[in-house]
Amino acid sequence: MVTVNLTMNSSYYNSVKGTLNVLLPEVEIHNIDEDVEAELNIIVKLDTSAGIKVRSFFAGQNNLNNEIEDKEILSNSYNSNDFDKRCKERLKLIIYRLLCDYLGEDLSPWGILTGVRPTKLAHFLLERGFDYQKVDSLLENVYGVAKEKRDLLLNIIKLERSYFPTPEEAKNKVSIYLGIPFCPTRCNYCSFAAYPIAKYQKYLPNFLEALDYEIREVSKVVQDLGLVVDTIYIGGGTPTVLSSTELDRVLNNLKKYLSLSQLRDFTVEAGRADTISKAKLEVLKRQGIKRISINPQTMNLKTLEVIGRKHSVDEVTKSFSLAREIGFENINMDMIIGLPGEGIDDVKRTLLRIKDLNPDSLTVHTMAIKRASRLKRSLEDNNLPSDREVSEMLKYTKKMTKELDLIPYYMYRQKNILGNLENIGYAKAGKESIYNILMMEERETVIGLGGGSITKLINTQDYSLERLVNPKFPKQYIEEIKERTNEKISKINELFYK
């Protein structure tokens, strides 16, 4: 651990420290006023008399220093809030560069961007009136984003914008997320609502009753307000842990109480191969589900055992083939790079098996160490690949997706993601998950139903949002369903009532 004292404008200190803590966790940051003895003392000079001019250097050393001058911020395109924000961005970038030079570390390819949705920044800049070339320049010069990531981000937002409802359209549209919080087993990297069905089976009948109630009551307000249901996504957990009869029941209720005539996208996660059967797939097909997701995460049996997935690679292959036979023409697969014990050869093996199956979309997740996962609690016992190895794995997935004619269509990042990298959804043209785009960019209200679901109420005037969270634990969901549903209905009425 390297200890650093910063001498800088105190009003920006907490923001700068927060970013550096994410980007350089091996560096302990303090304000000089905290009177902490440090190995390094960095002096930062900020001059705002004619734009923004920032200089940073080590006290007593002249061999390492950085300077940034910014007059672009004086343009009429910006206001005083933008100026203050730009000061923070300049301070973050210059100190980050200086520390990386000192430590001999590469800059993150995402520069100083640490948030979950870098695409939202690019969309925001476009909506401020900047063109794509200007957005690219700002991403490079203000945020320090490398060309590879800028190209990825800009290509994605161009595609995403073709699926966005206008603000006026979004005033009358909603998407639905329905969560089934049960799984065959809990994977050790998982922090989602995923309760092993063998242990929590006793809650399932009452959970389905509560879900029936929530669907029915929330649907009433959707219908009364004349809202269009735009997309539906059923996730979890693992929805196909339900029996074929139970799946049919849930889907029948959605179709019974909601008008789905203008639905653009309906996805059901058939995630775990050990939950998929011909009967369940036939139910999904008969109910009109167009897109399903079969998620191996890896095609290496040893890793499947390590991460707690109780199915084989052959089961994945057979389930995928069965779905094709039944007639599904839009099948997604998920994989994770950076799993414990896996190297680049393991990732290549997974991708070659996936290539043979030729899915219509592939979501590539970079391993993130989540606070609520078992992996976090036993981190020292898990052999995770280095950041450099993970970066090489991600490059190989990019090569393989090109061979499959898959293009990136949405992207997000997570806290504690390996290599400070990203998750990317790839799809063949026209096979994108519209729900994923709208949910990630928060362009349309998402109503959450079921265990662990999140309702995002979007105000289309400024795209601000309010979140309502359903309980994850089935027993709590059952006990609180009426209270939570009443609150949700009240908030939906408040947002959409004209």
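The values are calculated or read from the model by the stated rules, or taken from the named source; none is laboratory data. Just so it is clear, the structure is predicted and the values come from calculations on it, not from any experiment. Cβ atoms come from the backbone with ideal geometry, glycine included; neighbour counts cover every protein chain shown.
Some points to look at:
- The residue of segment 223-259 that is surrounded by the most Cβ atoms within 10 Å (Cβ to Cβ), among those that are over 27 Å from the mean Cα position of the chain (by Cα) and among the hydrophobic types (A, V, I, L, M, F, W, C), is Leu258.
- Residues in segment 406-428 that are in contact with a helix residue (DSSP H, G or I) (Cβ under 9 Å, 6 or more places away or on another chain) and either without any contact (Cβ under 8 Å) to a residue 24 or more places away in the chain or not in a strand (DSSP E or B) (or both): Leu406, Arg413, Lys415, Asn416, Leu418, Gly419, Asn420, Leu421, Glu422.
- Consider segment 260-274 and keep the residues that are out of contact with any His (no Cβ under 9 Å at 6 or more places or on another chain) and among the acidic types (Asp, Glu). The one that is surrounded by the fewest Cβ atoms within 10 Å (Cβ to Cβ) is Asp265.
- Among the candidates Tyr477, Tyr409, residue that is touching a Gly at 6+ places or on another chain (Cβ under 8 Å), at pLDDT 95 or above and either farther than 26 Å from Ser219 by Cβ or outside the structural domain of Val221 (by TED's automatic domain parsing) (or both): Tyr409
- Test result for Lys456, in the same structural domain as Ala210 (by TED's automatic domain parsing), touching a residue at least 40 places away in the same chain (Cβ under 8 Å) and surrounded by 14 or more Cβ atoms within 10 Å (Cβ to Cβ): no
- Residue check, Ser108 hydroxyl-bearing (Ser, Thr, Tyr), surrounded by 15 or more Cβ atoms within 10 Å (Cβ to Cβ) and touching a residue at least 40 places away in the same chain (Cβ under 8 Å): yes
- When residues of segment 27-64 are limited to those that are out of contact with any Phe, Trp or Tyr (no Cβ under 7 Å at 6 or more places or on another chain) and among the β-branched types (Val, Ile, Thr), the one farthest from Asn81 (Cα to Cα): Val36
- Ala194, sole failed condition from (1) assigned by TED's automatic domain parsing to the domain that holds Val268; (2) within 25 Å of Tyr409 (Cβ to Cβ); (3) of a type in the set (A, V, I, L, M): (2)
- Thr267 being out of contact with any strand residue (DSSP E or B) (no Cβ under 6 Å at 6 or more places or on another chain) and assigned by TED's automatic domain parsing to the domain that holds Ala194: no
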